[in-house]
Amino acid sequence: MSPTWRRPPLPEETFTDDFGQGEGELLTLTYPKPLPMRLDRWLVSQRKEQSRARIQKFIDAGYVRVNGKAGKAKTPLRQGDEVQLWMPPPEPLPYLQPEPMDLDVLFEDGHLIVLNKPAGLTVHPAPGNKDGTLVNGLLHHCPDLPGISGKLRPGIVHRLDKDTTGCIVIAKSQEALVKLQVQIQKRIASREYFAVVHGVPNGDSGTIVGAIGRHPADRKKYAVVSGANGRYACTHWSLVERLGDYSLLRFKLDTGRTHQIRVHCAHMNHPVVGDPTYSRCRKLPVEMPGQALHAVQLGLDHPITRERMVFEAPLPAVMDKLISVLRRRVHQS
């Protein structure tokens, strides 16, 4: 037996407040199972386009009733209980403005968009940086985006650093966002990167495991720290090509911590070329706009059709030039 959904008029004798009134969506459903289940867990299973945290916020705000009474997250549901959920309309973005922007679209449908992000483009706004971000361009490209995932990061599933280039996926609906974020968390989605680093690592492949947290001396940086002071991070690397005093490496992420590849490379004494934060070398064979780090491949299951999809982004011209110059130097030596 599946839950029954309907949108009835709210009986005046049931509520004396404004529950379910005005703009928004009011849903009524019946709990069908013989065994009890917590209210929040069942609602998440029925409204998969909403995250558990968002459902719990609805409950805490008094937007959920069980048999006419305000529910709590741990309220046990029993067969035949009537649950009403009122979902208010999305909060508007207060100051973000859509901006026309040339987007390098690798794929797009009604549920998601995959882009090849250029260097120099910040993904989402932050205090003091509200213009010229990828989100501003996406708001112009996708008018429905403002209602997704929050005030400053609508639709953003994962992020790339400002000067990191390559594949990035953005959800175009709340359902797609939640399902794609789960894929990132459960490692169903795969992310692979190319980077040119200083020096040549020992061996042809390896794994870096090191918790990442704030640098103890410079709070603007991150570093490999003790497990108690950071979050577990795991990066797999393989050597693609030796380039004299440099190397081209390919990385695969198990986790997605802030600056993860950059911090792990610096930790193994092979910082990413051009990294303004974690590399001390400033004399480079090619002028770089930032670190030579590129998200070359993104694999994911389509959040609606479940089809496996793999996207690849070509190397940016400046990184391709850097590799060509280094190869030429090797051949000339």
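Taken together, the values in this text are just the output of simple stated rules run on the coordinates, not laboratory data. All figures in this text were calculated on a predicted structure; none of them were measured in a lab. Every residue, glycine as well, gets a Cβ built from its backbone with ideal geometry; the counts of neighbours run over all protein chains shown.
Determine, for ASP40, ASP131, the number of other Cβ atoms within 10 Å of each Cβ, and report the residues in order from fewest to most. All intermediate terms of the calculation are to be shown ahead of the outcome.
Values: ASP40 21, ASP131 11.
Result, fewest neighbours first: ASP131, ASP40.
How tilted is helix 174-185 with respect to the longest principal axis of the chain? Cα atoms for both, answer in degrees (0 to 90, nearest 10).
Value to nearest ten degrees: 50.
Below 8 Å between Cα atoms, with a sequence gap of 6+, how large is the relative contact order for the chain in percent?
Values: 676 pairs, mean separation 45.0, N = 333.
Relative contact order comes out at 14 percent.
How do LYS186, LYS117 rank when sorted from fewest to most other Cβ atoms within 10 Å of their own Cβ? Could you put the intermediate results ahead of the total?
Numbers: LYS186 8, LYS117 25.
By the 10 Å Cβ count, ascending: LYS186, LYS117.
Taking a ≥ b ≥ c as the square roots of the Cα gyration tensor eigenvalues, with a/c under 1.5 meaning rounded and otherwise prolate when a/b beats b/c, else oblate, which class fits the stretch 179-333?
In terms of gyration-tensor shape, oblate.
Taking the simple approach of a point 7 Å from Cα along Cα-to-Cβ for both ASP144 and ALA61, what is their distance in nm?
Each label point lies 7 Å from its Cα, and together they span 2.1 nm.
Is the shape of the chain rounded, prolate or oblate, going by the alpha carbon gyration tensor and its root eigenvalues a ≥ b ≥ c, with a/c under 1.5 for rounded and a/b larger than b/c for prolate?
Details: a/c = 2.59, a/b = 2.20, b/c = 1.18.
Prolate is the answer for the chain, as a/c is 1.5 or above and a/b outweighs b/c.
Given the peptides 169-179, 206-216, arrange them by the average over their residues of other C-beta atoms within 10 Å, most packed first. Kindly include the intermediate steps, with their values, before the conclusion.
On the way: 169-179: 22.7, 206-216: 16.2.
Sorting 169-179, 206-216 by mean packing, highest first, produces 169-179, 206-216.
Which length gain, in nm to one decimal place, applies between HIS236 and GLU108 when the Cα-Cα distance is subtracted from 0.36 nm times their residue separation? Display every interim value, and only then the final one.
On the way: separation 128, 0.36 × 128 = 46.08 nm, distance 2.93 nm.
Computed gain between HIS236 and GLU108 is 43.2 nm.
On full extension of the chain, what length is gained from LYS72 through GLU99, given 0.36 nm per residue of separation minus the C-alpha to C-alpha distance? It would help to have the intermediate numbers written out before the result.
On the way: separation 27, 0.36 × 27 = 9.72 nm, distance 4.16 nm.
The LYS72-GLU99 span can extend by a further 5.6 nm.
Using 0.36 nm times the number of residues separating LYS130 and ILE188, minus their current alpha carbon distance, what extension gain do you get? Display every interim value, and only then the final one.
On the way: separation 58, 0.36 × 58 = 20.88 nm, distance 3.21 nm.
Contour length minus Cα-Cα distance gives 17.7 nm.
With a cut-off of 8 Å between alpha carbons and a minimum separation of six or more residues, what is the relative contact order of the stretch 25-87 in percent? Provide the component values of the computation, followed by the final result.
Values: 103 pairs, mean separation 33.1, N = 63.
Once normalised by length, the contact order is 53 percent.
Treating cross-link reach as a plain straight distance, find the lysines whose alpha-carbon is under 25 Å from the alpha-carbon of LYS321, omitting any fewer than eight places away in the same chain.
Leaving aside lysines fewer than 8 places away in the same chain, those within reach of LYS321 are LYS117, LYS162, LYS252, LYS283.
At what distance in angstrom do the alpha carbon centres of the stretch 230-264 and the stretch 166-180 lie from each other?
Centre-to-centre (Cα) distance: 24 Å.
Starting from the Kirkwood Rh over alpha-carbon pairs, what translational D in µm² s⁻¹ does the stretch 25-87 have by Stokes-Einstein at 25 °C and 0.890 mPa s?
Working: Rh = 11.3 Å.
Answer from the Stokes-Einstein relation: 217 µm²/s.
If neighbour count is taken as other Cβ atoms inside 10 Å, put ARG47, ARG329, ARG262, ARG308 in order from fewest to most. Present the calculation step by step, with values, prior to reporting the outcome.
Numbers: ARG47 20, ARG329 14, ARG262 23, ARG308 10.
The most exposed by this proxy come first: ARG308, ARG329, ARG47, ARG262.
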